[in-house]
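Student: Got a structure for you, written out below as structure tokens; questions coming shortly.
The values are calculated or read from the model by the stated rules, or taken from the named source; none is laboratory data. Note that the structure is predicted; figures quoted are calculated from it, not measured. Cβ placement follows ideal geometry from the backbone for every residue including glycine, while neighbour counts extend to all protein chains displayed.
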Amino acid sequence: MAASDLEDIEIVLVDEPLADELAATRQIRQEADRLREEATARTRLTARHLRDRGYAQREIGVLLGVSHQAVGKLLGEYAQALPRERRTGTHG
């Protein structure tokens with residue numbers, strides 16, 4: 001059964017305290033997802049700022065509490081998000 005098939009199933013919880021617990025858990029998980037996305041974006045931006053100020057990839061990793069490989073990935077993702085002319089310094 002695919003995950004999309006599970007969305008069509010309706011489960012009714014008759015235990016109200018458990019239903020409340022489930023609703024609170026889902027809300028917290030949604031907030032955690034939002035915070036994870038925000039943390040990734042902020043980490044990517046800070047890594048770029050540190051690199052722009054001359055810090056080495058390993059130093060950035062130590063400062064941000066991530067591996068230098070993760071820093072490389074973050075900086076690579078940032079570069080891929082830039083328009084082509086900003087990445088290469090060329091136009092057209």
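Student: If you take the residues of segment 5-60 that are assigned to a loop (DSSP other than H, G, I, E, B) and among the acidic types (D, E), which of them is nearest to K73 (Cα to Cα)?
Tutor: E7
Student: Further question: Which of (1) modelled with pLDDT of 90 or more; (2) more than 30 Å from G65 (Cβ to Cβ) does D15 not meet, given it meets every other one?
Tutor: (1)
Student: Does E77 fit the bill of being at pLDDT below 95 and of a type outside the set (S, T, Y)?
Tutor: In short, yes.
Student: Further question on the same structure: When both residues are 6+ apart or on different chains and their Cβ atoms are under 7 Å apart, which pairs have a first residue that lies in segment 60-83 and is surrounded by fewer than 15 Cβ atoms within 10 Å (Cβ to Cβ), and a second that is aliphatic (A, V, I, L, M) and at pLDDT 95 or above?
Tutor: Pairs found: L63/L50.
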